[in-house]
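Q: Could you have a look at this structure, given as structure tokens, before my questions?
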Amino acid sequence: MFVSDFRKEFYEVVQSQRVLLFVASDVDALCACKILQALFQCDHVPYTLVPVSGWQELETAFLEHKEQFHYFILINCGANVDLLDILQPDEDTIFFVCDTHRPVNVVNVYNDTQIKLLIKQDDDLEVPAYDDLFRDEEEDEEHSGNESDEGSEPSEKRTRLEEEIVERTMKRRQRREWEARSVSRTEHVAPALGKSSMSPSCPMSDGLGSRAPRDILFDYEQYEYHGTSSAMLMFDLAWMMSKDLSDMLWWAIVGLTDQWVQDKITQMKYVTDVGVLQRHVSRHSHRHQDEEHALSVDCMRISFEYDLRLALYQHWSLHDSLCNTCYTAARFKLWSLHGQKRLQEFLADVGLPLKQVKQKFQSMDISLKENLREMIEESANKFGMKDMRIQTFSIHFGFKHKFLASDVVFATMALMESPEKDGSGTDNFIQALDSLSRSNLDKLYHGLELAKQQLRATQQTIASCLCTNLIISQGPFLYCSLMEGTPDVMLFSKPASLSLLSRHLLKSFVCWTKNRRCKLLPLVMAAPLSVEQGTVTMVGIPPETDSSDKKNFFGRAFEKAAESTNSRTMHNHFDLSVIELKAEDRSKFLDALVSLLS
């Protein structure tokens with residue numbers, strides 16, 4: 001069920017308990033976790049933190065700890081599956097789920113006893129009505145035969161159904177039966193998604209009562225997308241309790257920026273949420289402007305600004321940032337000689353000498369840096385880059401350290417998915433979590449260096465894929481596979497890194513190709529995961545169009561293709577559009593996917 005009052009129904013409940021936090025391995029989840037940790041520390045709430053990167057780790061950790069805890073908080077995991085079916089908890093176990101993954105599983109929505117959803121209800125949830133999902137022929141007959149008892153019947157029927165909801169509605173057998181319809185329906189729906197933005201609200205707007213529950217459920221569950229940042233929701237909770245510190249506000253900003261960097265939300269959603277946070281920034285700035293520490297060495301200042309859409313440029317050289325930012329690299333087509341020439345022309349138009357551009361940004365002449373943003377924006381407009389500046393936030397620690405929100409996102413993500421051999425997943429998680437604290441700036445700077453390596457490797461891989469024509473059209477989608485032995489290939493065995501590479505590759509391909517049809521196609525990308533086990537990671541990316549609503553249909557398509565071919569897959573990631581697949585089964589899996597989506 002949805003929690004309407006986060007303070008009374010969530011925080012005051014767990015405040016007197018010992019709780020277990022399951023936190024997914026993404027930057028938004030880390031930021032939400034930091035805010036919750038600060039609140040717990042303030043109120044002396046005992047908790048245990050367990051990082052989880054997939055369903056297997058979540059199940060294992062729950063089995064290990066379920067005897068010691070009755071209250072579990074899940075951050076950015078758990079909303080889009082039937083939690084009770086997967087974890088099989090005791091009847092007195094309570095789950096609080098704060099998750100951006102959509103659609104929310106209907107059993108989680110209508111379970112009033114064990115599942116409490118910390119989700120913003122003004123998001124575009126479009127959950128089907130209870131009576132349209134949970135009905136059967138016997139109840140219909142009973143209803144028609146007892147019209148005289150209408151006053152008491154609905155409440156009794158609802159109570160009885162709620163007691164049976166877990167056993168009766170979403171068993172795996174029934175789920176397979178519902179998915180069997182996806183073959184015929186996806187053939188019509190999925191290709192259309194490549195040409196225009198689809199909304200699942202359309203088929204459900206009229207005549208809902210006359211349709212079969214499994215049809216309604218299929219329409220509701222067929223697309224995967226993301227809702228409001230979990231870090232923003234946790235900050236709202238802190239604000240409601242008048243415990244919102246500037247650090248918490250910064251973590252909320254970083255959580256939102258992570259969604260934008262990873263293309264999880266639309267530009268309109270990003271701008272709307274930035275407006276909400278901007279008001280909080282103004283409030284905090286006004287609150288602290290008269291305090292003594294406002295000009296001290298230890299002060300922390302958050303500012304809203306229109307800044308350049310260039311990755312890490314204040315901690316890099318301007319030239320390196322231009323070459324390794326997806327937005328500029330794709331539009332200049334920097335993998336070609338012509339693109340390199342256009343970059344030189346652009347810098348000449350801005351009026352920046354190469355000697356200045358190729359040294360560290362901090363070392364550039366102050367006279368050049370004063371109006372740099374305006375100069376670059378003016379020239380970018382001439383070169384067809386209308387969105388060179390974006391709404392964002394920056395933070396100053398004292399007089400020396402300044403970071404943009406996107407800088408922190410890239411650094412934290414690089415630390416979390418670091419390929420360094422001596423670090424386990426948990427160690428990387430702790431490093432990334434620590435880097436968000438202002439007392440650990442050395443870890444943040446280390447993350448920035450790792451992020452530079454990753455951005456370089458991403459652009460080099462994109463150039464290699466485009467120049468060697470590794471992207472091929474499979475009909476209903478584009479396909480690209482990284483081979484073993486490719487430079488930096490191990491960087492992209494992790495889901496977030498591969499997803500980011502895939503999105504950047506698709507944007508670059510759309511700018512490069514002259515085939516109009518290919519510009520409208522989604523992308524499936526594979527990268528080696530384990531040579532010893534013979535597995536690959538595969539990710540599906542929705543089409544890159546101006547009207548894209550960021551909804552992804554590959555999660556259901558992957559599941560159906562694997563089922564129809566008996567391919568050995570593991571759907572272990574919290575994002576359903578990321579799977580692990582045996583390399584030997586790749587060809588039959590792709591054939592089934594082509595057949596399914598054609």
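The values are calculated or read from the model by the stated rules, or taken from the named source; none is laboratory data. All figures in this text were calculated on a predicted structure; none of them were measured in a lab. With ideal geometry, Cβ positions are generated from the backbone for all residues, glycine too; neighbour counts draw on all protein chains shown. Surface accessibility is based on the protein's heavy atoms, side chains included, excluding ligands, DNA and RNA. Shrake-Rupley method; radii C 1.70, N 1.55, O 1.52, S 1.80 Å.
Q: Run residue 376 past the list (1) in a helix (DSSP H, G or I); (2) free of Cβ contacts under 8 Å to residues at least 12 places away in the same chain and report the number of the one that doesn't hold.
A: Among (1) in a helix (DSSP H, G or I); (2) free of Cβ contacts under 8 Å to residues at least 12 places away in the same chain, the lone unmet condition for residue 376 is (2).
Residue-by-condition table, conditions (1) more than 21 Å from residue 81 (Cα to Cα); (2) in a helix (DSSP H, G or I):
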| site | (1), (2) |
| --- | --- |
| 225 | no, no |
| 232 | yes, yes |
| 235 | yes, yes |
| 242 | yes, no |
| 249 | yes, yes |
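Q: List, please: which pairs have Cβ atoms under 8 Å, are six or more places apart or on different chains, and start with a residue in the stretch 105-117 that is over 12 Å from residue 95 (Cβ atoms) and end with one that is of a type in the set (Phe, Trp, Tyr)?
A: That search, which allows pairs on different chains as well, returns 106/220; 109/2; 110/130; 110/134.
Yes or no, residue by residue, for (1) open to solvent by less than 10 Å² (accessible area, probe 1.4 Å); (2) within 16 Å of residue 327 (Cβ to Cβ):
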{"position": "381", "(1), (2)": "no, yes"}
{"position": "389", "(1), (2)": "no, yes"}
{"position": "394", "(1), (2)": "yes, no"}
{"position": "431", "(1), (2)": "no, no"}
{"position": "435", "(1), (2)": "yes, no"}
{"position": "439", "(1), (2)": "no, no"}
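Q: Limited to the stretch 342-371, what total is found for residues that are touching a residue at least 40 places away in the same chain (Cβ under 8 Å) and open to solvent by less than 50 Å² (accessible area, probe 1.4 Å)?
A: The total comes to 3.
Q: If the requirement is being free of Cβ contacts under 8 Å to residues at least 60 places away in the same chain and closer than 29 Å to residue 78 by Cα, which of these qualifies: 526, 557, 561?
A: Result of the check over 526, 557, 561: 561.
Q: Taking the stretch 226-249 on its own, how many of its residues are aromatic (Phe, Trp, Tyr) and surrounded by 19 or more Cβ atoms within 10 Å (Cβ to Cβ)? Even if it seems obvious, please write down each step before you answer.
A: Of all residues in the stretch 226-249, those aromatic (Phe, Trp, Tyr) come to 235, 239.
From what is left, the residues that are surrounded by 19 or more Cβ atoms within 10 Å (Cβ to Cβ) are 235.
Qualifying residue count for the region: 1.
Q: Which residue is most open to solvent (accessible area, probe 1.4 Å), if the candidates are limited to the stretch 119-132 and must be under 15 Å from residue 10 (Cβ atoms) and touching a helix residue (DSSP H, G or I) at 6+ places or on another chain (Cβ under 9 Å)?
A: The initial filter retains those residues of the stretch 119-132 that are under 15 Å from residue 10 (Cβ atoms), namely 119-121.
Going one step further and asking which of them are touching a helix residue (DSSP H, G or I) at 6+ places or on another chain (Cβ under 9 Å), we end up with 119-120.
Details: 119: 3, 120: 57 Å².
So, considering only residues that are under 15 Å from residue 10 (Cβ atoms) and touching a helix residue (DSSP H, G or I) at 6+ places or on another chain (Cβ under 9 Å), the one most open to solvent (accessible area, probe 1.4 Å) is 120.
Q: Looking at this structure, is residue 154 modelled with pLDDT of 50 or more and over 27 Å from residue 27 (Cα atoms)?
A: Considered against the rule, which asks whether it is modelled with pLDDT of 50 or more and over 27 Å from residue 27 (Cα atoms), residue 154 comes out as no.
Q: Checking the condition surrounded by 18 or more Cβ atoms within 10 Å (Cβ to Cβ), in the same structural domain as residue 16 (by the TED database) and of a type in the set (A, V, I, L, M), which residue from 74, 63 passes? Lay out the reasoning, then the answer.
A: Numbers: 63 fails: surrounded by 18 or more Cβ atoms within 10 Å (Cβ to Cβ).
None of the others qualify; the one that does is 74.
Q: Additional query: For the stretch 554-598, enumerate the residues that are under 25 Å from residue 262 (Cβ atoms), in a loop (DSSP other than H, G, I, E, B) and of a type in the set (S, T, N, Q).
A: 572, 577
Q: Those residues that are aliphatic (A, V, I, L, M), closer than 22 Å to residue 218 by Cα and assigned to a loop (DSSP other than H, G, I, E, B), I need them from the stretch 512-553; list them, please. Talk me through it step by step, then tell me what you get.
A: From the stretch 512-553, those aliphatic (A, V, I, L, M) are 520-521, 523-527, 529, 531, 536, 538-539, 541; that's our starting set.
If we keep only those that are closer than 22 Å to residue 218 by Cα as well, we get 539, 541.
None; the set is empty.
Q: Of the residues that make up the stretch 524-532, is at least one out of contact with any helix residue (DSSP H, G or I) (no Cβ under 9 Å at 6 or more places or on another chain) and surrounded by fewer than 22 Cβ atoms within 10 Å (Cβ to Cβ)?
A: Yes.
Q: Let me ask something else. Restricting the first residue to the stretch 234-258 and requiring it to be among the polar types (S, T, N, Q), which pairs with a second residue that is assigned to a helix (DSSP H, G or I) meet a Cβ separation below 7 Å and a spacing of at least six or different chains?
A: The qualifying pairs are 246/284; 257/405; 257/406; 257/409.
Q: Ok, one more. So, in the stretch 250-272, of the ones that are crowded, with 19+ Cβ neighbours inside 10 Å and over 15 Å from the mean Cα position of the chain (by Cα), which residue ends up farthest from residue 38 (Cα to Cα)?
A: Among those residues, the one meeting the criterion is 250.
Q: Of the residues 402, 443, 507, which single one is open to solvent by 10 Å² or more (accessible area, probe 1.4 Å), in a helix (DSSP H, G or I) and in contact (Cβ under 8 Å) with a residue 60 or more places away in the chain?
A: Testing whether each residue is open to solvent by 10 Å² or more (accessible area, probe 1.4 Å), in a helix (DSSP H, G or I) and in contact (Cβ under 8 Å) with a residue 60 or more places away in the chain leaves just 507.
Q: Also: Got a sec? Which of 357, 408 is β-branched (Val, Ile, Thr) and more than 18 Å from residue 231 (Cβ to Cβ)?
A: The match here is 357.
Q: Further, regarding this structure: Return the residue satisfying two criteria in turn: it lies in the stretch 284-304 and is at pLDDT 90 or above and not hydroxyl-bearing (Ser, Thr, Tyr), and of such residues it is farthest from residue 327 (Cα to Cα). Show your work before the answer.
A: Keep residues of the stretch 284-304 that are at pLDDT 90 or above, which gives 302-304.
Now narrow it down to the ones that are not hydroxyl-bearing (Ser, Thr, Tyr): 302, 304.
Values: 302: 25, 304: 22 Å.
Filtering first and then ranking leaves 302.
Q: With the requirement that a residue be closer than 18 Å to residue 61 by Cβ, open to solvent by 10 Å² or more (accessible area, probe 1.4 Å) and not in a loop (DSSP other than H, G, I, E, B), what does the stretch 12-36 give you?
A: None; the set is empty.
Q: Ok, one more. Taking residue 383, is it touching an Asp or Glu at 6+ places or on another chain (Cβ under 9 Å) and not hydroxyl-bearing (Ser, Thr, Tyr)?
A: The answer is yes for residue 383.
Q: Being more than 19 Å from the chain's Cα centre (by Cα), under 22 Å from residue 497 (Cα atoms) and buried (at least 19 other Cβ atoms within 10 Å of the Cβ) is the filter; apply it to the stretch 560-584 and report the residue that is modelled with the highest pLDDT.
A: So, considering only residues that are more than 19 Å from the chain's Cα centre (by Cα), under 22 Å from residue 497 (Cα atoms) and buried (at least 19 other Cβ atoms within 10 Å of the Cβ), the one modelled with the highest pLDDT is 581.
Q: Something else: Where residues in the stretch 449-494 are of a type in the set (Ser, Thr, Tyr) and in a loop (DSSP other than H, G, I, E, B), which of them is nearest to the chain's Cα centre (by Cα)? Explain how you work it out, then say what you get.
A: Of the residues in the stretch 449-494, the ones of a type in the set (Ser, Thr, Tyr) are 458, 461, 464, 468, 473, 479, 481, 486, 493.
Restricting the remaining residues to those that are in a loop (DSSP other than H, G, I, E, B) gives 468, 486.
Working: 468: 30, 486: 27 Å.
Once the filter is applied, the top-ranked residue is 486.
Quick grid of which residues meet (1) among the hydroxyl-bearing types (Ser, Thr, Tyr); (2) closer than 18 Å to residue 328 by Cβ; (3) without any contact (Cβ under 8 Å) to a residue 40 or more places away in the chain; (4) open to solvent by 20 Å² or more (accessible area, probe 1.4 Å):
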{"position": "458", "(1), (2), (3), (4)": "yes, yes, no, no"}
{"position": "473", "(1), (2), (3), (4)": "yes, no, no, yes"}
{"position": "491", "(1), (2), (3), (4)": "no, no, no, yes"}
{"position": "499", "(1), (2), (3), (4)": "yes, no, no, no"}
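Q: Now a separate question. Among the residues of the stretch 475-488, write down those that are surrounded by 15 or more Cβ atoms within 10 Å (Cβ to Cβ) and either within 18 Å of residue 504 (Cβ to Cβ) or free of Cβ contacts under 8 Å to residues at least 24 places away in the same chain (or both).
A: Residues satisfying the conditions are 477, 478, 479, 480, 481, 482, 486, 488.
Q: Taking the residues in the stretch 54-76 that are out of contact with any helix residue (DSSP H, G or I) (no Cβ under 6 Å at 6 or more places or on another chain) and of a type in the set (A, V, I, L, M, F, W, C) as candidates, determine which candidate is nearest to residue 496 (Cα to Cα).
A: 55
Q: Considering every residue within the stretch 98-118, establish whether at least one is open to solvent by less than 10 Å² (accessible area, probe 1.4 Å) and farther than 21 Å from residue 576 by Cβ.
A: No, the stretch 98-118 contains no residue that is open to solvent by less than 10 Å² (accessible area, probe 1.4 Å) and farther than 21 Å from residue 576 by Cβ.
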